[in-house]
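Data first, discussion second: the structure below is written as C-alpha cells.
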Amino acid sequence: MEKKINSSFHIHLVSDSTGETLNVVSKAVIVQYRNIESIEHVYPLVRSIKQLDNVIKNIEKEPGIVFFTLSNLDLRRKLEVICKKLNLPIVAPLDKVHEVLNSYIDAEWSPKVGAQHVLDTEYFKRIEAMNYTMANDDGRMTGNLSEADIILVGVSRTSKTPTSIYLANHGMKTANIPFVLDIPLPDDLEKLKDPLIVGLIASPERIVQIRKNRLESLNAGRDSSYVDKDVVSREIILAKRLFARNNWPVIDVTRRSIEETAAAIMNYQRSRNSEKNDKS
C-alpha cells in the first residue's frame, strides 16, 4: 500500500451501533499526531446491505481510512473486500481485544450489536450523575452538596466544569464551586465529610491568559481586576490557604489536560474508598 503524508485525511467510522466506541478510539489515536487534521464521516446503525452500500458510495467518493465495528459477518466481509479493491486501510479496533480476551479466558466470542451500550445499572448511574452535575455547576443548588461524590473548588478558569462533566460521565456525581474574592462559600462546605473535596489551582500567568481570551471572545473590556495578575495571585494564595486548612487534596491544572486532572481525582477517590474499606 502506497504511503501518503497528508496534513488532512478522511476517516470513515462504520458501526452497527451508535459509533461512540469508534469515535473515542479514533480521537485517542489522532490526537497523538501534530499538525494532522482528520475529516470524520460517521455512519451509525449500519445493519443492512442497502445501508452499507450507501456507506461504500461515500467511501469511494472521499477515500480514507476505515474503522468499523460490525457484528454481521456478511457486512464485515463486503466492507473488507471493497476496501481491499480500493486499496484503503481498514481496521476493526475491537477484534484484537476480543482475540486476546478469548485466548486468556478461553471463552467463545458471541458478537452482539451494541452490546457495549446495554442499558445496565452503570448506564443509569452515569445519567443520574450527569443530571446532578449539570444542576450543580458553578455553585448552583448548593443545598444538596452532601449528595455529591466529588466537589471541586477553584478559582475561575481552572477547568472545573469540563472536569466535572468528565467525572460525571464515569458515574460520579460532581459539584463544582467557584472560589471568588469577597464572596462566601456555601455554609456547610467545610463541614462535609462524605464527598471528596478537591482544590484546583493553576499558575497566575495561565489563569490571566485564559481569562483574557475569555473576555475577548465575549467582546468585553480587558481593564478589569478579573485579569489583573496581582488580584489573581491573591485569589490563588487564599484558595491554597482554604485547601490547606481543610486538608483537601490540591491539583495544579496548569499543564494538565482535562483527562489527566480527572484521572488524578479518580485516583484520590479510589484511595479514599480503599481506606474506608480497610477501616470497616
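Things worth noting here:
- Nearest 10 degrees, 0 to 90: helix 20-30 Cα axis against the chain principal axis: 80 degrees
- For the chain, the longest principal axis of the Cα atoms and the long axis of helix 93-105 meet at an angle of about 90 degrees.
- Comparing PRO249, PRO93, PRO178 in a Gaussian network model of the chain (Cα springs below 10 Å), the most mobile by mean-square fluctuation is PRO93.
- In degrees, nearest ten, helix 73-85 long axis to first principal axis of the chain (Cα): 80 degrees
- Taking other C-beta atoms within 10 Å as the exposure proxy, SER274, SER26 rank SER274, SER26 from fewest upward.
- Taking the number of Cβ atoms within 10 Å of each Cβ as an exposure proxy, the fewest-first ranking of MET130, MET266 is MET266, MET130.
- A Cβ-based charge dipole, computed about the Cα centre of segment 121-279 with Lys and Arg at +1 and Asp and Glu at -1, lands at about 300 debye.
- Shown here: Rg/Rh (Cα atoms, Kirkwood Rh), derived from the displayed model; of the candidates (i) 1.05; (ii) 1.07; (iii) 0.95, it corresponds to (ii).
- Theoretical FRET efficiency, 1/(1+(r/R0)^6), r = Cβ-Cβ of THR142 and ASP278, R0 35 Å, to 0.05: 0.65
- Once the C-beta distance of LYS57 and LYS212 is scaled by a Förster radius of 30 Å, the resulting FRET efficiency is 0.05 to the nearest 0.05.
- 17 Å Cα-Cα reach of LYS57 towards lysines, excluding residues that sit fewer than 8 places from it in its own chain: LYS78, LYS84, LYS85
- Ellipticity estimate at 222 nm from DSSP helix runs (n ≥ 4, -39,500 (n - 2.57)) divided over the chain, nearest 500: -14500 deg cm²/dmol
- Taking Lys and Arg as +1 and Asp and Glu as -1, the other residues whose beta-carbon sits under 10 Å from that of THR261 total -1.
- Evaluating 6.51 cos²θ - 1.76 cosθ + 1.60 at θ = phi - 60° for every residue in segment 242-252, the Karplus couplings come out as 4, 4, 5, 4, 9, 6, 7, x, 10, 10, 8 Hz, glycine and proline recorded as x.
- Each label was represented as a point 7 Å from its Cα along the Cα-to-Cβ direction; for ASP106 and ASN219 these points are 7.0 nm apart.
- For segment 213-280, trypsin sites (Lys or Arg not before Pro) are listed when DSSP marks them as loop and at most 12 other Cβ atoms sit within 10 Å of their Cβ; the list is ARG222, ARG255.
- Close amide H pairs (under 5 Å, H built 1.01 Å from N) link HIS10 with ILE39, ILE65, residues at least 5 positions away or on another chain.
- Candidates VAL24, VAL198, VAL208, ranked by Gaussian network fluctuation over the chain, Cα under 10 Å, top entry: VAL24
- Whole-number Å³ per residue for the convex hull built on Cα positions in segment 121-279: 120 Å³
- Estimated from the Cβ-Cβ distance and a Förster radius of 30 angstrom, the FRET efficiency linking THR254 and TYR123 is about 0.30.
- Rounded, prolate or oblate (a/c below 1.5 giving rounded, otherwise prolate when a/b exceeds b/c) for segment 1-87 by Cα gyration tensor: oblate
Bear in mind that the values in this text are calculations on the coordinates, not laboratory data. Since the structure is predicted, the reported quantities are computational estimates derived from the model, not experimental observations. As a convention, Cβ positions derive from the backbone with ideal geometry for all residues, glycine included, and neighbour counts pool all protein chains shown.
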